[in-house]
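Each remark here refers to the structure printed beneath this line.
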Amino acid sequence: MTTLLGDAAIDLAPVLADFARDGYARLGRRMSDEGLELLRRRADDRMLGRLPDPGLFFQLDTESGSYGDLKFGQGYQGPSHNYRKLEKLEKDELFLAWLRNPLFQQIAQALLGERVVLYRAVLMNKAGTGGTVLPWHQDGGKFWGLDREPTLQIWTALDDAPTEAGAVEVLPGSHLAGLATPLGGVIPEPLVHAQSANERCIPLAARAGEVILLHNHVWHRSLVNRTGKPRRAFSVCYMSADTRCTRRKRAPREFFRVF
Ligand SMILES: O=C(O)CCC(=O)C(=O)O
C-alpha cells in the first residue's frame, strides 16, 4: 500500500491537552500529497459510480444550500459531484487504510483504550456549486443509540478548506457542558443565541491534508462553499470497543473493529 501518511513526527501531549480543554485540536498537515491524490480520485470514483459499490451510504446535496431541504433515504442517485455525504467508507480499502494509520491508532488508543471500533467513516463534501449549511450540532445523544457518549472524531481535509469554502467552525470549550439536549444533533436556535455561538465561534480554516481532532460534544457547524472548488473532508468517529448499540426497532449494530 502506498504511503498515505506524511513522515513528520509529532508530540501528542500538547495536542491531547488542547483537545481536552477546547474540544478540538490541530494535528497539522499529515496526509501526504500522494495520499491526497489517491483519496480525492477515489472520492470522485465513488460519486461518479466508476467502481462497483461495496454498500456505501450516499446522500445527495440540496440545490438551495438549506439544511431543511435535505432528503434522506434515497441512496445513490447516479453520477454526480454533488453528493453531500458518503458513509461506510470503511468498506473502501483506501479510506480504510487512512482511518487505520498508526498516528490515528496512537491517538485513539490513548483516548479510548486498546480496543477501538468505528461508529462512522464519512466523506463530507461541499461541491464547488456550494453545498449546504450544516447548522450548529453535537454528534451524540439519544439519536446515536449508544450506551455511552462518543467522544472522538478525527477530521482530515482532502482539499483546502478556507473559511469561505465552508470550513468547520467550533465553539471552543463547549464540549465541557455536555449535551445541549438529550437528543443530541442540531442545537436549538434559542440555545445558539444564549451562547452567542455565531459571534464567539472560531473557523478552523485548513489546508489539504490537515487533520483536526473534534470532540463529539464540541458545538460545530460549517457554512456553504463560495470558492467554486470542491471542499471534501473525511471524518471518522472512533469509540471504545465496550460501546453497545441500544436501538430496539432494528437489530443492534455490531461496530466495526478498527484497532
Ligand atoms: O466537514 C464538515 O463540514 C462537518 C464536519 C462534522 O460535522 C463532523 O466531522 O462531525
Original post:
All but one of (1) touching a residue at least 12 places away in the same chain (Cβ under 8 Å); (2) farther than 20 Å from Ala20 by Cβ hold for Ala251; which doesn't?
Top reply: (1)
Original post:
Could we say that Glu189 is open to solvent by 50 Å² or more (accessible area, probe 1.4 Å), of a type in the set (Asp, Glu) and at pLDDT 95 or above here?
Top reply: yes
**OP:** Please work out if Val133 is within 10 Å of the ligand (Cβ to nearest atom) and surrounded by fewer than 20 Cβ atoms within 10 Å (Cβ to Cβ).
**Re:** yes
Original post:
Is it the case that Val218 is open to solvent by less than 20 Å² (accessible area, probe 1.4 Å) and either at pLDDT below 95 or touching a Pro at 6+ places or on another chain (Cβ under 9 Å) (or both)?
Top reply: yes
Original post:
Conditions: (1) in contact (Cβ under 8 Å) with a residue 60 or more places away in the chain; (2) in a loop (DSSP other than H, G, I, E, B); (3) of a type outside the set (Lys, Arg); (4) touching a Gly at 6+ places or on another chain (Cβ under 9 Å). His137 meets all but one. Number of the miss?
Top reply: (2)
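Which residues, counting only those in region 141-181, are at positive phi and within 12 Å of the ligand (Cβ to nearest atom)?
Gly166
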Original post:
Considering Leu204, Leu146, Leu158, which residue is modelled with pLDDT of 95 or more, hydrophobic (A, V, I, L, M, F, W, C) and over 15 Å from the mean Cα position of the chain (by Cα)?
Top reply: Leu146
Original post:
What do you reckon, is Leu158 of a type in the set (A, V, I, L, M) and either open to solvent by 50 Å² or more (accessible area, probe 1.4 Å) or over 23 Å from Ala194 (Cα atoms) (or both)?
Top reply: yes
Original post:
Which of the residues that make up region 197-239 are within 9 Å of the ligand (Cβ to nearest atom) and either of a type in the set (S, T, N, Q) or more than 25 Å from Gly141 (Cβ to Cβ) (or both)?
Top reply: Asn216, Ser222, Arg231, Arg232, Ser235
**OP:** Return yes when Gly185 is in contact (Cβ under 8 Å) with a residue 24 or more places away in the chain and within 18 Å of the chain's Cα centre (by Cα) and no when it is not.
**Re:** yes
**OP:** Name, by its number, the condition in (1) touching a helix residue (DSSP H, G or I) at 6+ places or on another chain (Cβ under 6 Å); (2) crowded, with 18+ Cβ neighbours inside 10 Å that does not hold for Gln153.
**Re:** (1)
**OP:** Sort out which residues of region 109-128 are assigned to a strand (DSSP E or B) and either more than 19 Å from Arg40 (Cβ to Cβ) or basic (Lys, Arg) (or both), and write them in order of number.
**Re:** Val116, Val117, Leu118, Tyr119, Arg120, Lys126
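The values are calculated or read from the model by the stated rules, or taken from the named source; none is laboratory data. Keep in mind the model is a prediction, meaning the values are calculated, not measured. For neighbour counting, all protein chains shown are included, and Cβ atoms are generated from backbone atoms with ideal geometry for every residue, glycine included. Please note that ligands, DNA and RNA were not included when accessible areas were found on the heavy atoms of the full protein model with its side chains. Shrake-Rupley method; radii C 1.70, N 1.55, O 1.52, S 1.80 Å.
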